[in-house]
Each structure stands twice: as C-alpha cells, then as structure tokens.
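Q: My structure is below; once you've seen it, I'll send some questions.
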C-alpha cells in the first residue's frame, strides 16, 4: 500500500479532503474518472468567457471558516445573484421582494404588499402537497406565475404530487432587495473555479480518466483507507436498485452579440419554454467589454444510468434504499463524503463543511 488515503472523486469535496490531509502530512492520492479535476465546478474558457459547464455555481456563505478557507485558493469578485423570472414575457425580480410585489400587484409599501398577499392566499390547515403549502403562504398569483410550472418542469411531476418539503421555505422580503441569497459573503473566483481547484490540489498525486468502480479491488490496494465521494449505489453496481435523481441537460451557445439578457440568470417559469433557466456566463465576471457572449439553457430530466445525478429524490423509498447502501459501505470500511455518497443536496459551502469535518475527524484519530 503506497498511500494512507485513496480519495475517489476530484470534485470540491474530494479536493478539500485531499488538501487537508496532504498538508497535515498524510500521503494521499486522488482518483478521478473524468479527464479534468473539479467535478461539476469545472469551468471552460470559451473565447475569453469562463463557462460553468455543469450549471451555474455562485459561492456564498456566512461561515467565516469556510469563507477564509476558499479565499486561500482564489480571489472572489463582488458578484451578487439577482435573477429575473420570465413568465410568458413578463419579467419579475427574484427572490420575492417589494420589487416583485409592485410588479405583480402594483403595491408600493410593505403594508400594502402584506395585505395583497394575505388576500390572495388559499389557506389549508395541514397542507398535504406542495400546491396547498405554497398557496397558504404566498397566494394564487405568485404560485401560478412564478412557482407552479417552474417547479413542475424542475421535478417532472405535478405540484399536487410533490410533498410540501420540496420547498421548505419561501423567501419573502418586504424590502426592495434583489439579492437572492442571505449569506454574509458571496462571489465567484475571478479566474474561475478550475483555477481554484488546481491551487487546492497542487502537488498532490492524482490519476485522471480512472474509474474506481471498474477495478475496485485493484485500486483499493493502493491505500490503507478509501474515501469515496461518488454515487453510493454505483459503488455496489446498483445491487439493491438505483437511487432516484433529477438531472440536467445543458445546451451551450456562443453568440456574436455583446449582451443577450442583461443578467447572469433568467428563470423561465411557464411550460411554454422547455428549459427552466438560461445562464449568460459573462455577467458572472462582468465581461461586458467582450463583443460576444455564451448562453446556456438548462433542461431538467429524469436521471438514467450513465447520466450525472444532480438532485436527490429524498422520499421514504429512496432514504430506506440509501441506508442499505450506507450500512454496507460502512461495514466494508469505506469513508463516505459529499452529495453523491451521502445522497444529499449540498450547496458548495455545505460540501466544504462536510469535507472539513471528516478531515478533522481523520486527523484527530
């Protein structure tokens, strides 16, 4: 055994763990099935524009430890996420705030907005599905224009079939504030996430285009312990069945125009547009001086084997199935970390917290 730890997966989780263990004196190696490192954070340079190849990634956190950690490897710009919702050509500010309420109801004060929403609500004492839940909180107008069809495209199911927990909270602000996030710090690496990841794992042994699940027993011989960040059901060839996910298909277009939509993120909230949102990447880094632009359309769809999983379907059936896989993996000595291995939806800050927590635990042992 040449290494203390074999880390399967060079996404944000695996790279954070590798950096922590390596710089604490542990001998580690990273195994990555793709030809590039960074996982879904990977950015590709297209005519001077950093294109987020696997969906928009906007870093934000209120945890100073996490913010200080990422700033060791990248300088972040001042990007603030202020998306626009497009409902059949009507434009609305997100998240729901006084600008949105003025656009929808013509109200001008918080008192007027509170009354308008209250009068529009359809109350259900114990909501049994997402539709009843949302109608009880923000009312019919917001639900029908900004939530219903967008959510149904995202999840591929009627809102009447989705549990209330899909939308755990609905941010409603009675201020004229278009900042989508509440976290203290927010931004995007000036030279891209790919550069940030490369700095994190600079000097650490890595093997790319190597799929752990094709030669598990051989790769396991490389190290005393295996830290696995991939899909947990794939680790066992789906022996108990497949965990369910929603995934995304991306269509990227380089266009000979300076500015297409005037915002980085535009959500399309009606069924007449097949994609859920478009990303204009140059606005992440304020690249308005470039004469061209790149637009990405995001199409949600059901996950199938061979596709990249994005959003776990955390219903009872899938949670029970995950526990079976987790118990087997723990029994077999695997250390699990990250959204794929833990079957959780993680924001980037959550991924880093989980990775730092596991690293600390291993170093204390």
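Each value in this text was obtained by applying a stated rule to the coordinates, not by laboratory testing. Everything numeric here is computed off the predicted structure, so don't read it as measured data. Virtual Cβ from ideal backbone geometry, glycine too; neighbours counted across all protein chains shown.
Q: Run the quick spin-label model on residue 224 and residue 190: label points 7 Å from Cα toward the beta carbon, then report their separation in nm to one decimal.
A: 4.1
Q: Contact order normalised by length for the range 95-167, with contacts defined as Cα pairs under 8 Å and 6 or more residues apart; what percent is it?
A: Normalised by residue count, the contact order of the range 95-167 is 27 percent.
Q: On to the next question. Using the count of nearby Cβ atoms within 10 Å as a rough guide to exposure, how do 72, 33 rank from fewest to most?
A: 72, 33
Q: Taking 0.36 nm per residue of sequence separation and subtracting the Cα-Cα distance, how much length would be gained by fully extending the chain between residue 24 and residue 77, in nm to one decimal?
A: Numbers: separation 53, 0.36 × 53 = 19.08 nm, distance 2.96 nm.
Residue separation times 0.36 nm, minus the Cα-Cα distance, leaves 16.1 nm.
Q: OK, next. Can you put 270, 158 in order of Cβ neighbours within 10 angstrom, beginning with the fewest? Mind showing how you got there, number by number?
A: Details: 270 18, 158 13.
If I rank by nearby Cβ atoms, fewest first, I get 158, 270.
Q: Here are a few candidate values for log10 I(q)/I(0) by the Debye sum over Cα atoms at q = 0.07, 0.09, 0.13, 0.14 Å⁻¹: (i) -0.34, -0.57, -1.15, -1.29; (ii) -0.25, -0.43, -0.98, -1.17; (iii) -0.31, -0.51, -1.06, -1.20. Which one was actually calculated from the structure I just gave you?
A: Of the listed options (i) -0.34, -0.57, -1.15, -1.29; (ii) -0.25, -0.43, -0.98, -1.17; (iii) -0.31, -0.51, -1.06, -1.20, (i) comes from this structure.
Q: If I model a spin label as a point 7 Å beyond the Cα along the Cα-Cβ vector, how far apart are those points for residue 165 and residue 271 in nm?
A: My value for the distance between the label points is 2.7 nm.
Q: So, one more: May I ask you to list the residues of the range 311-337 whose amide nitrogen lies under 15 Å from a point 7 Å from Cα along the Cα→beta-carbon direction of residue 365?
A: Correct set: 329-337.
Q: Next question, about the same structure. What is the gain in length, in nm to one decimal, between residue 304 and residue 124 on full extension, counting 0.36 nm per residue of separation less the C-alpha to C-alpha distance?
A: Extra length from residue 304 to residue 124 when fully extended: 61.2 nm.
Q: Please find the FRET efficiency linking residue 63 to residue 237, where r is the Cβ-Cβ separation and R0 is fixed at 25 Å, and quote it to the nearest 0.05.
A: Step by step, r from the Cβ atoms, then E = 0.10.
Q: Sticking with this one: Looking at the chain, what % of its DSSP beta bridges pair antiparallel, to the nearest 5?
A: If I count the DSSP bridges inside the chain, around 65 percent turn out antiparallel.
Q: Now a separate question. How do 29, 134, 51 rank when sorted from fewest to most other Cβ atoms within 10 Å of their own Cβ? Spell out each step's value before the answer.
A: Numbers: 29 19, 134 26, 51 22.
With the sparsest Cβ surroundings first, the list reads 29, 51, 134.
Q: Sticking with this one: Do you know the relative contact order of the chain, to the nearest whole percent, from alpha carbon pairs under 8 angstrom that are 6+ apart? Each step should come with its number before you reach the end.
A: Numbers: 690 pairs, mean separation 94.7, N = 365.
Relative contact order comes out at 26 percent.
Q: Shifting gears a bit: For the residue pair residue 344 and residue 256, what label-to-label distance in nm results when each label sits 7 Å from Cα along the Cα-to-beta-carbon direction?
A: 5.0
Q: A further question follows. What is the distance in Å between the Cα centroid of the range 1-60 and that of the range 294-365?
A: 15
Q: If you fit an axis through the alpha-carbon atoms of helix 110-120 and take the longest principal axis of the Cα set of the chain, what angle between them do you get, 0 to 90°, nearest 10?
A: Computed tilt is about 90 degrees.
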